[in-house]
Amino acid sequence: MRLIGIEGSTLQVSGLDLLDGTPVLDLKPYVPLFDGIDAERIGWLTHRADQVHSIRADRRFDQQQMPTLLRRPSVRDVMDTNPKTQPHDATVGEIRALFEHQSVRLALLVNEGVCIGTINRAAIPADARDDDAAAVFAQTPQTIDADASLADAHRQLGETEDRRLLVLDDQGRLQGLVCHKGSRSGFCSNKSSCDHRGEAPKKTRWHFVRWSESGAGDEQPGVLVAPEGKAISVGDLLTLPPETRVRWLVVGVDDAPGDAEGGIATVEAFESV
């Protein structure tokens, strides 16, 4: 490209493969290493041409970082990897004592790491004796794969009475437990348990971007201002005003750059309501 004239803030150029009158929004210096056109001048690159092969980017896009950017979260990311279990030979009395804790909805009977069954509150009849074997009342566990999507987990949990799904390996060994919060708007996990210990930090401003297949947010469904602070976690279901007919599934959470009180939540459409 050759500069042939300047009129105020307008540059007149030639040598571009463009229709006459096409606006040029950005100009870059000619780089001899990348092209073979003879040029008299290469602008500010004259004293920096030997640096074009230098690495100047930060480490966000290293190969080891890319899978994190491009991968949607799965059940593996939100499940409780250390759920409370009971021995396979537990008694009815022991299970009844467990259910005295209101947050416990399901007893997991495990023998050498293998889950042999589950017991919910309604499974034990009132006339069962405390010294009876609890395994008599156990049911086949309802399960989900560790690599299942969070959307699938929400849908399956919505169909269960106990709001609990077990994650087992091919040999039936217990890998984790995924459960709905009482509001069914998110998941309990190691970091956000059913008794609300260790909740995610609250932010007063949440910016939302929509997930794209490239892993980057390409649209902005909305901004949520919460003067008292609001905690948002991966797997949460949200409605964003003014459009309240769509529920959004949070698939990523991060701090807003340069804003200690702000957060960024990446979301994908979950369902219309």
Any pair with Cβ under 6 angstrom, 6 or more apart, that starts in the range 126-144 at a residue that is farther than 19 Å from D162 by Cα and ends at one that is of a type outside the set (F, W, Y) and in a strand (DSSP E or B): D131/T91
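Take the residues of the range 111-145 that are hydrophobic (A, V, I, L, M, F, W, C) and within 30 Å of the chain's Cα centre (by Cα): which is surrounded by the fewest Cβ atoms within 10 Å (Cβ to Cβ)?
Pass one, the range 111-145, residues hydrophobic (A, V, I, L, M, F, W, C): 114-116, 119, 122-124, 126, 128, 133-138, 144.
Filter again for within 30 Å of the chain's Cα centre (by Cα), leaving 114-115, 144.
Working: V114: 14, C115: 24, I144: 20.
So, considering only residues that are hydrophobic (A, V, I, L, M, F, W, C) and within 30 Å of the chain's Cα centre (by Cα), the one surrounded by the fewest Cβ atoms within 10 Å (Cβ to Cβ) is V114.
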Some residue of the range 125-134 being in the same structural domain as E100 (by TED's automatic domain parsing) and part of a helix (DSSP H, G or I): yes
Close pairs (9 angstrom Cβ cut-off, 6 or more residues apart or separate chains): at pLDDT 60 or above in the range 193-214, polar (S, T, N, Q) and buried (at least 17 other Cβ atoms within 10 Å of the Cβ) anywhere: A200/S192; A200/S233; F208/T266; V209/T266; R210/T266; W211/T266
Residue within the range 109-116 that is assigned to a loop (DSSP other than H, G, I, E, B), in contact (Cβ under 8 Å) with a residue 24 or more places away in the chain and either assigned by TED's automatic domain parsing to the domain that holds Q86 or over 24 Å from I232 (Cα atoms) (or both) present: yes
Hits in the range 249-273 - residues which are among the aliphatic types (A, V, I, L, M) and part of a strand (DSSP E or B): L249, V250, V251, V253, A256, A260, I264, A265, V267, A269
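So, in the range 242-268, of the ones that are under 13 Å from the mean Cα position of the chain (by Cα) and of a type in the set (G, A, S), which residue ends up nearest to P73 (Cα to Cα)?
The initial filter retains those residues of the range 242-268 that are under 13 Å from the mean Cα position of the chain (by Cα), namely 248-254, 264-268.
Now restrict to residues that are of a type in the set (G, A, S): 252, 265.
Numbers: G252: 8, A265: 13 Å.
Among them, the one singled out is G252.
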In the range 152-174, residue surrounded by the fewest Cβ atoms within 10 Å (Cβ to Cβ) [restricted to those that are more than 21 Å from the chain's Cα centre (by Cα) and either acidic (D, E) or in a strand (DSSP E or B) (or both)]: D170
Selection count, the range 222-248, where residues are exposed (fewer than 15 other Cβ atoms within 10 Å of the Cβ) and either of a type in the set (K, R) or assigned to a loop (DSSP other than H, G, I, E, B) (or both): 3
Residue within the range 68-78 that is modelled with pLDDT under 75, outside the structural domain of A135 (by TED's automatic domain parsing), farther than 30 Å from L16 by Cα and part of a loop (DSSP other than H, G, I, E, B) present: yes
Whichever residue in the range 226-241 is in contact with a Phe, Trp or Tyr (Cβ under 9 Å, 6 or more places away or on another chain) and not small (G, A, S) and, among such residues, is farthest from R72 (Cα to Cα): K230
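The values are calculated or read from the model by the stated rules, or taken from the named source; none is laboratory data. All figures in this text were calculated on a predicted structure; none of them were measured in a lab. Don't worry about glycine lacking a Cβ; one is built from the backbone with ideal geometry, like all the others, and counts go over all protein chains shown.
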